[in-house]
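Here is the structure we will look at.
The values are calculated or read from the model by the stated rules, or taken from the named source; none is laboratory data. As the structure is a computational prediction, the values presented were derived from the model and not from experiment. As a convention, Cβ positions derive from the backbone with ideal geometry for all residues, glycine included, and neighbour counts pool all protein chains shown. Protein only, heavy atoms only, side chains kept; ligands, DNA and RNA dropped before computing areas. Shrake-Rupley method; radii C 1.70, N 1.55, O 1.52, S 1.80 Å.
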Amino acid sequence: MRIFNLMASAAMLATLAAQSGSAQTPATAECAELFRGQRITIIVPNAPGGGYDLYARSIAPVLEQASGSSVRISYNSGGGGRAALVSVAEAGADELVMLIDSTIDVLSMLALGDNALSYGSVRILGVMHTDPDAWIGRAGIDLGSPETRELVASASSAEANFAGINLAALAMRLQARVVSGYSGSADTTAAVMRGETDFAPASLTTARKTAASSDLEILMVLSEGAYPAVPDAPYLAGEGGIVWQRSASLPEAERAELQALARQAVNLSTGSRALFASASLRPAAFACLAAATETTLMSDAFRQAAEAVGRPVSPMTARDAEALVVRTIAALAEAAPLFDQFRAEMKP
């Protein structure tokens, strides 16, 4: 069975588009009453100490002030992030529970997972920051060389990293075996440092911090062309990129096909660090939670707290973030045949 039903995908895109245009600003008094005596839980999909934890810790005190509710942070690293997603998606209509995760990771898990969840299971509350993914690995690995044929990656979830590992490797004609089940970027990069794997996917922000404090190197940025923040780092797509180098001896039509795959990998691995709530949350409660989240994300207090722990901020409201989700789902639907093939290969 195809993982993406095109008619169902079209219907879901229409629903999400309608949601993104229908948000209303709730009355302050109504939200104050709704939040009174309530507790908001932010669920982090990996162990304490990683990037999402630092964002959550930066958000929590500011969100308490914005909402008037107490805010606690909970950790659920089971299933490479899937357990955290399920716990939020299945929350009750009155439970103020939020997931902090990457948009592309969440949507990829919803697309590839075996559970009954769908794109409509969660709604996005806002975005903290957006940047491309990168491969960080052992020094001396030259991805641009055709002699580099096989590598092993450590990842939290194979599904969430399909585009950033498998699709990118397909464009490079590189065999990439994924060892999944690690708990977040700190755990995956530690596996590389211990010699268990060759590289790990990470946000560029995390990759830069890790490279600055270890012997690991940024092997590649999943971007089309040199990325401004790291102009000297190798990049996946575009002229002079890794796919361009590795395909130099191939016929032009074949090179163009691989470059198209590389661009698709870039589009599907640029993640936004975001906050999600269950789609079952009552509309009034969602509106109030989204309003409090927007106040938090746009505040100087959050920006200062995040930047103090090395987390960059480029916030996006729920309305704009839902439009981003629509675009991402469309890109995932376009990659449906490759997702189907990947899922078939995952089965025992």
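Going through region 125-196, which GluC sites (Glu not before Pro) have at most 15 other Cβ atoms within 10 Å and a DSSP loop state?
Details: sites: 147, 150, 159, 196; in loops: 147, 159, 196.
Here the GluC sites (Glu not before Pro) that fit, given the DSSP loop and packing criteria, are 147, 196.
Think of the chain as having a plus end and a minus end, set by charges on the Cβ of Lys, Arg, Asp and Glu; of 261, 132, 323, 323 sits farthest toward the positive end of this dipole.
Between residue 122 and 279, the built amide H atoms are under 5 Å apart, and every one of these is 5 or more places off in sequence or on another chain. Look at the dipole of region 92-192 built from charges on Cβ: of 107, 172, 155, the Cα furthest out on the positive end belongs to 172. In terms of its C-alpha gyration tensor, region 180-284 comes out oblate, because a/c is 1.5 or above while a/b does not outweigh b/c.
Give me the extension gain from residue 254 to residue 29: residue separation times 0.36 nm, minus the current Cα-Cα distance, reported in nm with one decimal. Could you put the intermediate results ahead of the total?
Values: separation 225, 0.36 × 225 = 81.00 nm, distance 6.12 nm.
The span from residue 254 to residue 29 would gain 74.9 nm if fully extended.
When the accessible area of the chain is split by element with a 1.4 Å probe, what percent falls to carbon and sulfur?
On the way: 7570 of 14820 Å².
The nonpolar share, carbon plus sulfur, comes to 51 percent.
Among the listed options [x] 35, 22, 18; [y] 65, 22, 15; [z] 40, 23, 19, the one matching semi-axes √(5λ) of the Cα gyration tensor in Å as calculated from these coordinates is [x].
Taking only protein heavy atoms into account and a 1.4 Å probe, give the accessible area per residue of region 44-90 in Å².
Details: 1740 Å² over 47 residues.
With all protein chains present, region 44-90 gives 37 Å² per residue.
Across the chain, Cα pairs under 8 Å and at least six residues apart give a relative contact order of 27 percent. Calculated accessible area for region 267-348 comes out at 43 Å² per residue, all protein chains present (probe 1.4 Å; ligands, DNA, RNA ignored). Taking every DSSP beta bridge with both residues inside region 72-210, roughly what % is antiparallel (nearest 5)? Around 40 percent antiparallel, to the nearest 5.
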